[in-house]
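See below for the structure under consideration.
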Amino acid sequence: MSITIAVIASDLEYITRLLSYMKASPIYHTWRFQLYTNAERLQPVTELERVELILVEEKLLPSFLARIDACGGQLDEQGYISKGGNVPMAVLVTERRELKSGELYKFQSASSLLHQLQQRYERGKSSYGKRALMPQEQPRTVAICSTLEQCGKTMMALHTAAVLASKGYRVFYCNFELWNTSELLMPQLKSQGSASYSDLLYAVKSNATQAAAWLADNVLIEPTSRLHTLRAFQHEADRSMLSAEDAKELLRVIASSNLYDYVIVDMPAGLDSWTLPVLTECDMHYMLMLPQPIWQLKHHMALAQAEQQFSEWLAEISNKRWYVLNDPYGSCLNESSNPIHEQLPYVKAWQEREPLLLDSISYRAAIERCVQHLMIIGEKAG
């Protein structure tokens, strides 16, 4: 798949350098370019119907808009209105000032600019790409957790991230598990590079102000859903010695980078002095339950112990919790002593072969219902 970009610009030296970087970038789509140094030569009705993104130099914007108007074309707040839908547009500005919607700084790192153009494209390629404003324009950080091991946290977390990303939202999947198995569902990440959580932690520790720029330059993209992530911690000690405060700082850097609408956090099992402080950093969390009575008993025992030791943290997050009943082993039970907000289905095919991301209709449908609730909290769904 390739993305065709109409570039309306007169600074040929700048555009040449930018296009060279874009074409050489290994982690993005193949880019195709249609360059116009004079907006008068543009035929909107025919030429803009064949592009997926428009990039306009600020000083050529008036002539570009005049040309659109003269040819009977239409624009809205998203971009050019073509027969096939909106074509998102970005304007390159030179002056360092507060940016308006749709504007990008011309003089920034090529990797950062490319990342923002990719986001403009992904957000505009479907009706879901029209993002409803969230409170204070802040991304939502959502954790998938449980008191139990082997209950399907990673499967739910990855699918939640993938479903949101497939709707055009900018999503980062963050895996804090002690043993990160998520790459089994994302095998194509290996060909994209080795950027890992260890590298991000080093960037935060060495120069926190530049950590977001490092993330924009090095983040990995799962090609099926377009969710963003990083490779697992490079060394076991990097993760085993990670403090709760360091984990919270990593989440703050990701959430405050202005790169994402949602950060989905795959948590290690347990409610303890590590997981609870991290959960307080999240806007909400899904608590996975298993239907077998023995597992529900273990959940209540773990919860009772946590209430004795960490009552303040539990009180802080109690109104941010959704209970999800999962049945990964096909027990055919659907009872729980907790109020269940959603139930994930047993997928028999996953017992017979390696599961693939978004390959089960019934499982994806259940995640869609969870996501619908998630968007209703702070956004208009759909």
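The values are calculated or read from the model by the stated rules, or taken from the named source; none is laboratory data. As the structure is a prediction and not an experimental result, all values here were calculated from the model. Reconstructed Cβ throughout: ideal geometry from the backbone, glycine too, with neighbour counts over all protein chains shown. These area figures cover heavy atoms from the full protein model, side chains too; ligands, DNA and RNA do not enter into them. Shrake-Rupley method; radii C 1.70, N 1.55, O 1.52, S 1.80 Å.
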Does Ser194 fit the bill of being in contact (Cβ under 8 Å) with a residue 24 or more places away in the chain, open to solvent by less than 10 Å² (accessible area, probe 1.4 Å), in a loop (DSSP other than H, G, I, E, B) and not aliphatic (A, V, I, L, M)?
no
Out of the residues in the range 202-235 that are closer than 18 Å to Lys190 by Cα and charged (D, E, K, R), which is modelled with the lowest pLDDT?
Asp217
Number of positions in the range 295-315 that are within 16 Å of Leu276 (Cα to Cα) and open to solvent by 90 Å² or more (accessible area, probe 1.4 Å)
5
Among Pro291, Pro345, the single one that is modelled with pLDDT of 90 or more and surrounded by 13 or more Cβ atoms within 10 Å (Cβ to Cβ) is Pro345
Please go through (1) open to solvent by 10 Å² or more (accessible area, probe 1.4 Å); (2) outside any helix (DSSP H, G or I); (3) in contact with an Asp or Glu (Cβ under 8 Å, 6 or more places away or on another chain) for Cys174 and return the number of the only condition it doesn't satisfy.
(1)
Members of the range 220-246 found to be crowded, with 23+ Cβ neighbours inside 10 Å, among the aliphatic types (A, V, I, L, M) and under 25 Å from Arg321 (Cα atoms), listed by number
Leu227
Considering only residues that are under 16 Å from the mean Cα position of the chain (by Cα) and closer than 16 Å to Leu314 by Cα, which ones fall in the range 260-283?
Cys282, Asp283
Filtering the range 148-171 down to residues that are among the polar types (S, T, N, Q) and surrounded by fewer than 24 Cβ atoms within 10 Å (Cβ to Cβ), which residue is modelled with the highest pLDDT?
Thr154
Here are the criteria: (1) in contact (Cβ under 8 Å) with a residue 40 or more places away in the chain; (2) in a helix (DSSP H, G or I); (3) among the β-branched types (Val, Ile, Thr). Tell me which single one Thr209 does not satisfy.
(1)
Please specify each residue of the range 261-287 satisfying the condition of being open to solvent by less than 10 Å² (accessible area, probe 1.4 Å) and charged (D, E, K, R).
Asp261, Asp266
Cβ contacts < 8 Å: first residue under 19 Å from Gly73 (Cα atoms) and among the acidic types (Asp, Glu), restricted to the range 24-51; second residue at pLDDT below 70 and open to solvent by 50 Å² or more (accessible area, probe 1.4 Å), any location; separation 6+ or different chain. Result?
Glu49/Lys83; Glu49/Gly84
